[in-house]
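This report concerns only the one structure given below.
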Amino acid sequence: MRIDGSPIMRTAGRTSRCAVAVALLLPAMTSCVSHETQRTTPGQPAGETARVASIQFGFSIDDIVTDHQYKGQRSTFHITYQYRNGLVGPTATKGSEVVKDDTYPFFQNVRNGIISDIRNYPRKKDFYEIFLGNLAEGTLADYPQLSWIRIKVDVPAYASVRTARFATVFAEQ
């Protein structure tokens, strides 16, 4: 356990921290916001700083049948992630080859991997927090270009659970 109380999780030889939040469904959306920080770069005169952007990207997977907890259950997933600094533009044509670890991944590949993991998730009775944590950890293991990922799922009222709800998981490498 870390000093801040968050668990340390191991995935494919990487260390990541995973935080989980669950609440009743509220009218809140995850937004993709970029911010800038300053750092001194090698070769710059002392006292000068360079602007380095933290680049985040996000997308939604709307109304996908997950069959999670109940047969026929539909959910909407909101994915936001931040790229590591120092990545370069893609050198491959989309889908033609594996993207190198120092290159921005095609978001369609990230999205398709998450959709496949959702559809093929073996433990349909897991709590959503565990389900999302496994999705987040697997995605980070597959894409070392990402420094963190946030996955939120909106779960509408369905079957015997008459309350719409959501869960959010944040994991970082």
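The values are calculated or read from the model by the stated rules, or taken from the named source; none is laboratory data. Fair warning: this is a prediction, and the values are worked out from it, not measured in the lab. So basically every Cβ, Gly included, is an ideal-geometry build from the backbone, and we count neighbours across all protein chains shown. All accessible areas refer to the heavy atoms of the entire protein, side chains included, with ligands and DNA or RNA removed. Shrake-Rupley method; radii C 1.70, N 1.55, O 1.52, S 1.80 Å.
Considering the range 54-173, the qualifying strands (runs of 3 or more DSSP E), each wholly inside and each with 2 or more residues that are without any contact (Cβ under 8 Å) to a residue 40 or more places away in the chain, run over 56-65. One residue stands out in the range 106-120 among those that are among the polar types (S, T, N, Q) and under 14 Å from the mean Cα position of the chain (by Cα): the one that is surrounded by the fewest Cβ atoms within 10 Å (Cβ to Cβ), namely GLN108.
Restricting attention to the range 155-167, does a residue exist that is open to solvent by less than 40 Å² (accessible area, probe 1.4 Å), within 13 Å of the chain's Cα centre (by Cα) and of a type in the set (Val, Ile, Thr)? No. Confirm whether GLU129 is open to solvent by less than 60 Å² (accessible area, probe 1.4 Å), over 30 Å from LYS100 (Cβ atoms) and within 14 Å of the chain's Cα centre (by Cα). Yes.
Of all residues in the range 57-94, which are among the polar types (S, T, N, Q) and either modelled with pLDDT of 95 or more or open to solvent by less than 30 Å² (accessible area, probe 1.4 Å) (or both)? Correct list: SER60, THR66, GLN73, SER75, THR76, THR80, GLN82.
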